[in-house]
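*Asks:* Before I ask anything, let me first share the structure, which is written out below as structure tokens.
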């Protein structure tokens, strides 16, 4: 861990109660601002990571960091300045910089006054066991995974990390929102030459991560990947494990349901709202108070986050908003603002409605298709059509007559997210957690998709 010397003024704020510490910092900045309206955002991050490769742990790091962002409002002008120091001198200098920069800005007609004090629902995003998980415990979990790799004649590589994040939004009108959340992540790639298998687990509670089970899955896929065959480009039935589905969900949430994009006509939703676009099997909800998702109860304006039906039985129903978007669209604000000066709103805690199939059942029900573990190097080509491209990785297999029959060389896909979720055949009956925007996350099942376009092959 980094050893950082703190001044006496820094120690003033290092109370044993972290929420109290954040409140003290916020009040100090508001006092320094005097009669100037100011918004404060604080992120405190305790991050610990152990990295391993070739069946050896080679890196162990732990760091506590702060980011304090101040946004004064003077008339119709606003600007921001940030610091990663919590001593009074640094905070005062940062505030003065923000105020001076604000005075130099042009008037912004989109700028709204700071909101008053709000009430938030109670959430439980914190797990003590994750927060207090030690380097030795991470090493023990990795050692169990490595033992399975060695038993199978494979080399394991990946990470085991824990993260405790505290988020605060406060302002000079009495608003104060505080959230503390934990996240643990374990990933493993089992390898031998060009053969590889992969598994990743993300949980709020670190004790729910089974590193041995993850290693067994990764090793099995690596061993199955020997001597892969070529697949001709074309359209195929594809069984996607949750990590593969998550790639398309991320693009859908990024460029699909931002209310700013809706107003500007740069999303399929502008023409597609309340029209059947997707498969009737596809329903997607913004579900911020789901106990399996870590999502704060306020957005980055300090407004309460509310659940939203985004898609119901294939029909887009809503988009997410901040205060300005809601005013322009003449709808009720659902509290999904992202930090200014970035414009717009994003879903924070999405859940796809589960189906009634397991991956094993999907395979059994498939006459001819392919199984995808996950994708990488995925990118957006067209933001309105949501045309994307990327490559399969770490486990790509042919499925014939209800069985996995042979490994395949990786393929590049070029496919529209809209087409993917329009051609759903089956949906998985269990969820896996994937990381989302601004510290949020989403719950994703496996899916079986028809007519998925693979555009070109690879040599590996």
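*Asks:* Computed over the Cα atoms of the range 227-457, what is the convex hull's projected area averaged over all directions, in nm²?
*Replies:* If you wrap the Cα atoms of the range 227-457 in a convex hull and average its projections, you get 11.9 nm².
*Asks:* At 0.36 nm per residue, and after removing the present C-alpha to C-alpha distance, how many nm does the segment from residue 226 to residue 430 gain when stretched out fully?
*Replies:* Details: separation 204, 0.36 × 204 = 73.44 nm, distance 2.91 nm.
Stretched fully, the residue 226-residue 430 segment lengthens by 70.5 nm.
*Asks:* Still on this structure: Over the range 227-457, what is the relative contact order in percent, taking alpha-carbon pairs closer than 8 angstrom and at least six residues apart?
*Replies:* Computed value for the range 227-457: 30 percent relative contact order.
*Asks:* In which sequence would 103, 138 go, from the one with the fewest C-beta neighbours within 10 Å to the one with the most?
*Replies:* 103, 138
*Asks:* To continue, here is another question. For residue 194 and residue 117, calculate 0.36 nm times their separation in residues minus their Cα-Cα distance, and state this gained length in nm to one decimal.
*Replies:* Length difference between fully extended and current span is 22.0 nm.
*Asks:* Tell me the label-point distance for the pair residue 404, residue 129, using the 7 Å Cα-to-Cβ offset, in nm and rounded to one decimal.
*Replies:* According to this spin-label approximation, the distance is 2.9 nm.
*Asks:* While we're here: Distance between Cα centroids, the range 410-429 to the range 84-163: provide it in whole Å.
*Replies:* 32 Å
*Asks:* Let me check the size of the chain from its C-alpha atoms; what are the radius of gyration and Dmax in Å?
*Replies:* Considering the chain through its Cα atoms, Rg and Dmax are 24.0, 73 Å.
*Asks:* Looking at the chain, send over the antiparallel percent of its DSSP beta bridges, to the nearest 5.
*Replies:* Beta bridges within the chain, antiparallel portion: roughly 90 percent.
*Asks:* If you don't mind, there's one more thing I want to ask. Just to confirm the number: angle between the C-alpha axis of helix 135-151 and the first principal axis of the chain, 0 to 90 degrees, nearest 10?
*Replies:* So the inclination is approximately 10 degrees.
*Asks:* With an 8 Å Cα cut-off and a minimum separation of 6 or more residues, compute the relative contact order for the range 8-208 in percent.
*Replies:* Over the range 8-208, the number comes to 23 percent.
*Asks:* In addition: Would you mind computing, in nm to one decimal, how far apart the modelled labels at residue 104 and residue 264 are, each placed 7 Å from Cα along Cα→Cβ?
*Replies:* The two pseudo-label positions are separated by 2.5 nm.
*Asks:* At a Förster distance of 22 Å, what's the computed FRET efficiency of residue 47 paired with residue 19, Cβ-Cβ distance as r, to 0.05?
*Replies:* Given R0 = 22 Å and the Cβ-Cβ separation, E is 0.70.
*Asks:* Another question about this same structure. Hey, what angle do you get for helix 18-33 against the long axis of the chain, alpha-carbon based, 0 to 90 degrees rounded to 10?
*Replies:* 50 degrees
*Asks:* With the contact rule set at Cα under 8 Å and sequence spacing of 6 or more, what percent relative contact order holds for the chain?
*Replies:* Computed value for the chain: 14 percent relative contact order.
*Asks:* On a 0 to 90 degree scale, rounded to 10, what angle separates helix 242-256 from the longest Cα axis of the chain?
*Replies:* Once rounded, one gets 40 degrees.
*Asks:* While we're looking at this one, here's another question. So what is the diffusion coefficient of the range 8-208 in µm² per second by Stokes-Einstein at 20 °C and 1.002 mPa s, using a Kirkwood Rh over Cα pairs?
*Replies:* Numbers: Rh = 19.6 Å.
Using the Kirkwood radius from Cα pairs, D works out to 110 µm²/s.
*Asks:* Something else now. Can you tell me the FRET efficiency between residue 313 and residue 343 if r is taken as the Cβ-Cβ distance and R0 is 22 Å, rounded to the nearest 0.05?
*Replies:* On the way: r = 31 Å, r/R0 = 1.41.
The value I calculate is 0.10.
Values quoted throughout were computed directly from the atomic coordinates according to the rules given, and no laboratory measurement underlies them. Please read all numbers here as calculations on a predicted model, not as lab measurements. Virtual Cβ from ideal backbone geometry, glycine too; neighbours counted across all protein chains shown.
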